[in-house]
1. Once amide H atoms are built 1.01 Å from N in the peptide plane, which residues 5 or more positions from Val54, or in another chain, come under 5 Å H to H?
2. At 37 °C and 0.692 mPa s, grab the translational diffusion coefficient of region 3-172 from Stokes-Einstein with a Kirkwood Rh over Cα pairs, rounded to a whole number in µm² per second.
3. Given R₀ = 30 Å, FRET efficiency for Gln64-Asp120 by Cβ-Cβ distance, to 0.05?
4. With 10 angstrom as the radius, rank Leu125, Leu134 by how many other C-beta atoms surround their C-beta, starting from the fewest.
5. Pairs on different chains or at least eight residues apart, Cα atoms closer than 26 Å: how many lysine pairs in region 3-172 fit?
6. Among Phe69, Phe81, rank each residue by its count of other Cβ atoms within 10 Å, from fewest to most, as a rough exposure measure.
7. Karplus couplings for region 34-50 from phi (6.51 cos²θ - 1.76 cosθ + 1.60, θ = phi - 60°), rounded to Hz, Gly and Pro as x?
8. Order by neighbour count: Thr80, Thr126, fewest other Cβ atoms within 10 Å first, most last.
Amino acid sequence: MTLSSLSIRARDVGVNNAHPRLRVPPGAVERVVAVLDAHAEKFLGGCPPGELSVVFLTDPALAQIHADFMDDPTATDVITFEGDRATLGSEALAKEAGLAGEICVSADTARAYARAHGRDFAEELTLYVVHGWLHLAGYDDLQPAKKRRMRAAEKRAMMLLHAAKAVPAFRLAAAVKPGGRARRRT
């Protein structure tokens, strides 16, 4: 299945790579969102209309957001902020206002988790983007039953992305140690 064969709702996707070593292939995140949007009916109707912002951060940067907005200073994998629908109270107004939400993900946490569990870094980071998109679609993972539903949706979404060959080739560039020697990259 190719992206061009999918019926896709037009959506602006703002990608902000604020991680100094993360390499994000051009158009890759937009493609992930387009594939998910094209299959919105399989995910509670999908992410609300409007622009979607995806931000890639370091652990310290996401921990600061976690502290500022959730009163928890620890690092985490994904934080999702609802867009205009949450503040305006209706999808019709949100469509006019134009912001679906923002997904903030930690590339550092994805790297650490992937290494600890023998997973592919790019796959793990893509899963974090999917997780945020699913939160905006209405999924929750705070209670066991809802968490199982979220995990099943994540699995379906990742299968769709693989079928569309839309899992980005994210990578982390080598870190330079003091003294100029590069560490292994992921």
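Readers should treat all values here as calculations from the given coordinates under stated rules, not as data from a laboratory. Source: prediction; values computed, not measured. Cβ: placed from backbone, ideal geometry, glycine included. Neighbour counts: every protein chain shown.
1. Gly14, Val15, Asn16, Ile103
2. Working: Rh = 16.2 Å.
Diffusion coefficient, whole number: 203 µm²/s.
3. Working: r = 28 Å, r/R0 = 0.92.
So, using R0 = 30 Å, E works out to roughly 0.60.
4. Working: Leu125 30, Leu134 27.
Going from least to most buried by this count: Leu134, Leu125.
5. Details: Lys42/Lys95; Lys42/Lys146; Lys42/Lys147; Lys42/Lys155; Lys42/Lys165; Lys146/Lys155; Lys147/Lys155; Lys155/Lys165.
The result is 8.
6. Numbers: Phe69 11, Phe81 17.
Ordered from fewest to most neighbouring Cβ atoms within 10 Å, Phe69, Phe81 come out as Phe69, Phe81.
7. Taking θ as phi minus 60°, the curve returns 4, 5, 4, 4, 5, 10, 3, 4, 7, 9, 6, x, x, 5, x, x, x Hz for region 34-50.
8. On the way: Thr80 17, Thr126 25.
By the 10 Å Cβ count, ascending: Thr80, Thr126.
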